[in-house]
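In what follows, a single structure is set out as structure tokens and then discussed.
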Amino acid sequence: METLDISFDARHELTGEVGSVKCGLCGQAARGRMLETGGMLVRSFGWDCPCGALGLHAPLHDLDELYTDLLEAWGLKPREPDLSPPTPVGDSGFLSSVYVDGPALLRSLFAEARSQGAQVAATEVRVRLVVPKFSPPASIWDVLWARAPRPME
Ligand SMILES: [Zn+2]
């Protein structure tokens, strides 16, 4: 698995470049950037591949909230997930807690993207967020890739 350091200054602003990761669809190096648009995806991270694919950091437990923004960021029609409403977690003590079935949402998301003609893939990258005086251990990020169909194809 690739490892990536993403560095921030003391004001939590990004310093330097976001490193490239290998495209989940073609294996070329995809250039990283912090996203400035995209609803819930703002200040998340994306990787642009020369093949036209866009990889997006999307934690599976947040897929219910990111679902439509991911489709839109990929240049596809935004759709709501076609799943039953989230079920409150009865005895968790957190009233707002909902159980998010990440893998099911991912299958639904990829099926939706494919139905719109996109190619999709999921990869993982080990990321260290480096902040002055505090460096948490590396975590594994899910990166979801899609390449929208070209208009003439
Ligand atoms: Zn690619």
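FYI, it's all coordinate maths here, none of it is from the lab. Because the structure is a prediction, the values reported are computed rather than measured. We place every Cβ from the backbone using ideal geometry, glycine too, and count neighbours over all the protein chains shown.
Quick notes
- Cα-based equivalent ellipsoid, the chain: semi-axes from gyration tensor eigenvalues, Å: 25, 24, 13
- Semi-axes of the equivalent ellipsoid for the stretch 24-67, Cα gyration tensor, largest first, Å: 20, 12, 7
- Estimated translational D of the stretch 97-153 in µm²/s (Stokes, Kirkwood radius over Cα pairs; 25 °C; 0.890 mPa s): 175
- Calculated mean residue ellipticity at 222 nm for the chain: -5000 deg cm²/dmol, from DSSP H runs with n ≥ 4 weighted as -39500 (n - 2.57), summed, divided by the residue count and rounded to 500.
- Contact order relative to length of the chain, as percent, for alpha carbon pairs under 8 angstrom and 6 or more apart: 27
- Distance from the stretch 1-73 to the stretch 121-153 (C-alpha centre basis), Å: 5
- Structure remark: mean-square fluctuation, Gaussian network model of the chain, C-alpha springs under 10 Å; the largest value among Ala53, Ala113, Ala138 belongs to Ala138.
- Cβ-based exposure ranking for Ile6, Ile140, in which fewest neighbours within 10 Å come first: Ile140, Ile6
- From most to least packed by mean Cβ count within 10 Å, the peptides 8-16, 20-28 give 20-28, 8-16.
- Taking Lys and Arg as +1 and Asp and Glu as -1, the other residues whose beta-carbon sits under 9 Å from that of Thr3 total 0.
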